[in-house]
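Here's the structure we're looking at; comments come further down.
What follows is calculated from the coordinates using simple rules that are stated; it is not laboratory data. These numbers come from a predicted model, not from an experiment. Positions of Cβ are generated from backbone atoms using ideal geometry, with glycine treated the same way; all protein chains shown enter the neighbour counts.
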Amino acid sequence: MPLEIVTIPCLSDNYAYLVNGPDGVCLIDAPEAAPIIAALEARGWTLGSLLITHHHHDHVGGVAELRDRYGCKVMGPEAEQDKLPPLDLALTDGDAGGEGDARTVAIAVPGHTLGHLAYHFPNAGVVFTGDSLMALGCGRVFEGTKEMMWESLCRLKALPPETLVYSGHEYAQSNARFALTIEPENEALQTRVQHIGALRSAGRPTVPVSLAEELATNPFLRADQPEVAANLGLSGASPAKVFAEIRQRKDTF
């Protein structure tokens with residue numbers, strides 16, 4: 001049974017994701033309960049499990065109400081257990097479960113927060129990245145270091161290029177404006193910026209996107225490319241240093 005993934009806009013710019021597969025219905029993050037409940041009821045689904053990427057309130061605000069309503073099993077990063085709603089199962093890097101396309105592997109991606117997890121469904125070719133990797137961007141480094149964040153992005157970069165990336169926010173247009181300041185000559189980026197504009201004008205989300213497209217256009221993933229380093233006046237610098245410069249520029253953009 002292939003996965004059926006439903007993108008649910010929440011709050012002002014968050015996304016939650018319902019994943020219906022052979023093991024039942026799973027939710028990735030719960031920014032708020034009401035739109036998630038509406039999406040479940042519209043499909044006649046009940047929620048079996050809830051995976052939390054990290055502890056920020058705009059990713060967990062609806063957990064308690066959803067647990068009370070559905071009795072779903074709540075899972076999330078062990079490293080952030082003291083900051084999260086009560087967990088039925090605390091997860092660490094490499095923990096895996098599920099069968100077939102629903103097989104899920106937790107990937108530690110610290111930086112935005114120290115315990116942040118991404119959830120990779122390798123048989124289905126999808127990854128839910130929360131606030132680590134985003135469309136044309138990455139999360140702010142709030143708790144870790146920029147070097148740590150670069151290492152986390154490298155873990156995601158190593159996934160198969162056809163993997164579809166589902167991120168936790170709709171930031172693509174602002175990220176696109178910034179990306180053009182780093183690589184204005186990148187033709188793939190120019191094309192993608194136009195596509196993003198068309199999607200948003202039509203009220204459509206910019207996720208998912210293939211990892212291959214991110215590798216070709218996302219400046220944060222391209223810190224190891226010589227042309228990016230040269231554009232920043234950092235030819236010969238380590239990719240981690242180039243990434244840190246890009247992140248610093250984005251923080252003040």
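Worth a mention:
- Angle between the chain longest axis and helix 187-201 axis [Cα atoms, degrees, rounded to 10]: 40 degrees
- Tilt relative to the chain, helix 239-251 - C-alpha long axis, 0 to 90 degrees, to 10: 80 degrees
- Neighbour-limited loop hits for trypsin sites (Lys or Arg not before Pro), region 157-246 (at most 10 other Cβ within 10 Å; DSSP other than H, G, I, E, B): none
- Taking 0.36 nm per residue of sequence separation and removing the Cα-Cα distance, the Ser235/Thr145 pair yields an extension gain of 30.2 nm.
- Helix 34-43 axis versus longest C-alpha principal axis of the chain: approximately 70°, rounded to the nearest ten.
- Between Met149, Met134, Met75, the residue with the greatest mean-square fluctuation in the GNM of the chain (Cα pairs under 10 Å linked by springs) is Met75.
- Each Lys or Arg adds one and each Asp or Glu takes one away; over the other residues whose Cβ falls under 15 Å from the Cβ of Ala188, this sums to -4.
- Rounded to the nearest 20 debye, the dipole magnitude of the chain is 440 debye, with +1 charges on Lys and Arg beta carbons, -1 on Asp and Glu beta carbons, and the Cα centre as origin.
- Relative contact order [Cα under 8 Å, 6+ residues apart], the chain, whole percent: 13 percent
- Entry for Cα extents along the principal axes in Å (calculated from the structure that is shown) out of (1) 48, 38, 34; (2) 53, 48, 36; (3) 54, 39, 33: (3)
- Residues with amide H under 5 Å from that of Val209, placed H, sequence gap 5 or more: Val165
- Within-10-Å neighbourhood charge of Leu117 [Cβ basis; K, R +1; D, E -1]: -4
- For region 6-100: rounded, prolate or oblate by the Cα gyration tensor [a/c cutoff 1.5]: oblate
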